[in-house]
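Report on the following structure.
The values are calculated or read from the model by the stated rules, or taken from the named source; none is laboratory data. Worth saying up front: this structure is predicted, and the values here are computed from it rather than measured. Glycine also receives a Cβ, built like all others from the backbone with ideal geometry; neighbour counts cover every protein chain displayed.
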Amino acid sequence: MAKKALITGITGQDGYYLAEFLHEKGYEIYGLVRRSSQNIEQRLGKLSEYVHVEHGDLTDSLSLRDILGRVQPDEIYNLAAQSHVAWSFKTPESTFDITGAGCLRLLEAMRQTSPHSRFYQASSSEMFGQVQEVPQTEKTPFHPRSPYGVAKVAAYWATVNYREGYNLFTCNGILFNHESERRGEEFVTRKISIGVARIKLGLQDKLLLGNLEAKRDWGYAPEYVRAMWLMLQQNEPDDYVIATGETHSVREFCEIAFAHVGLDYRDFVVEDPQFYRPAEVNLLIGDATKARQKLGWKPETTFRQLVERMVEADLENQKRLLRNSGETPRPR
Ligand code: NAP
Ligand code: G4F
């Protein structure tokens, strides 16, 4: 019989790639979708052919209990979150409710109605915040620098607590930034790749960004969802860092992205304080040795390949939009 997986956050970047990955492995997939989700059909795309959509919300315990009780999934992947760090400063309470308490609600629903399930929590390198050591490992102390980071720390410990307190199979994947052609448009990498494409086609003149010196450990999302699955296939539940082990600044991302289309980022990027955060995470770089040794996981895509792939995809997207609108491009 096919294994069953429930994915929260199925309309997000990772939800898409994880569903695709599990489908190829023969899983029956259930995806949690909330009522306020926008453009569901477009975001699910070809997933609609095989994903069973379950309506519910991480802020609503009753919906979670109902779904888990009926579906009895073998594996639960909790990818849902208010995941935008800058936005979390504007909406700290609802961010905590979804990103922090939402994980607790799901764990408790699992304990009460489906305790045999294996549980994956989408933990984040943002928990390291003001980093206490370089590079960051599973043992590095947390020092979150945003309401989002604080909520993720709460969810991390809830996941550990349900493992230790109730002997449930629960894991934290501490994933460093991972990007793709499906990355949300408000995150910096995608904002840059769309900006480059539009500037190249003469649709935009400037790209306004915040802090260009922040450094991130950026990987390719489709490779990271495989690590999530691997964690749930082990004999014992545990927590793992997933990262490339390289760090690059936002400025370097801009440099490569613009150069790929023959432009110099210095002619187009404008640093705008409206995009600065009340507290910044200046440097992230992960050490995924444990994942390599225990899960056999390692990243494949290089930083340059990631940047160029995102720019190429957005050039195609923007050209298609132009064709559909009937406008004439004025390429630089
Ligand atoms: P994403 O694209 O922002 O997707 C977030 C998902 O959560 C969306 O499907 C969203 O659905 C859903 N959601 C939000 N609030 C919800 C609620 N109240 N109830 C149910 N669903 C809700 O995020 P992602 O980049 O795929 O990341 C997946 C997870 O990994 C997130 O938890 C994120 O915090 C974490 N993470 C991401 C990274 C990264 O670099 N991408 C790194 C570390 C950790 P709607 O369509 O309704 O908005
Ligand atoms: O792309 P970002 O918004 O990602 P951030 O804050 O690192 O968070 C992402 O990664 C986390 C893992 O560490 C996830 F947990 C989280 O859910 C999310 O996926 O910003 C990256 C950096 C920041 O330092 C920010 O200040 O880019 C800087 N930045 C500069 N200009 C900007 C901009 N960020 C955004 N979003 N928009 C800008 O215009």
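Per-structure values
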item: Only one of ALA154, ALA122 that is over 18 Å from TRP229 (Cα atoms) and either outside the structural domain of LEU230 (by TED's automatic domain parsing) or small (Gly, Ala, Ser) (or both); result: ALA154
item: Scope the stretch 159-178; condition crowded, with 23+ Cβ neighbours inside 10 Å and either without any contact (Cβ under 8 Å) to a residue 60 or more places away in the chain or polar (S, T, N, Q) (or both); matching residues; result: THR159, TYR162, THR170, ASN172
item: Hits in the stretch 179-197 - residues which are in contact (Cβ under 8 Å) with a residue 60 or more places away in the chain and within 17 Å of ALA81 (Cα to Cα); result: GLU179, ARG182, ARG183, GLY184, GLU186, PHE187
item: Lone qualifier among PHE21, PHE89, PHE96 - being more than 16 Å from ligand 2 (Cβ to nearest atom) and in a helix (DSSP H, G or I); result: PHE21
item: Matching option when the condition is touching a residue at least 60 places away in the same chain (Cβ under 8 Å) and either within 16 Å of ligand 2 (Cβ to nearest atom) or crowded, with 18+ Cβ neighbours inside 10 Å (or both), among PRO278, PRO329; result: PRO278
item: Selection from the stretch 185-214 of residues that are within 8 Å of ligand 2 (Cβ to nearest atom) and either in a loop (DSSP other than H, G, I, E, B) or in contact with a His (Cβ under 7 Å, 6 or more places away or on another chain) (or both); result: GLU186, PHE187, GLY210, ASN211, LEU212, ALA214
item: Residue in the stretch 4-15 that is away from ligand 2 (no atom under 16 Å from the Cβ), in contact with a strand residue (DSSP E or B) (Cβ under 8 Å, 6 or more places away or on another chain) and farther than 30 Å from MET310 by Cα present; result: yes
item: Residues satisfying the stated conditions in the stretch 192-214, i.e. within 16 Å of ligand 1 (Cβ to nearest atom) and surrounded by 23 or more Cβ atoms within 10 Å (Cβ to Cβ); result: ILE192, SER193
item: ALA122 being within 22 Å of the chain's Cα centre (by Cα) and in a loop (DSSP other than H, G, I, E, B); result: no
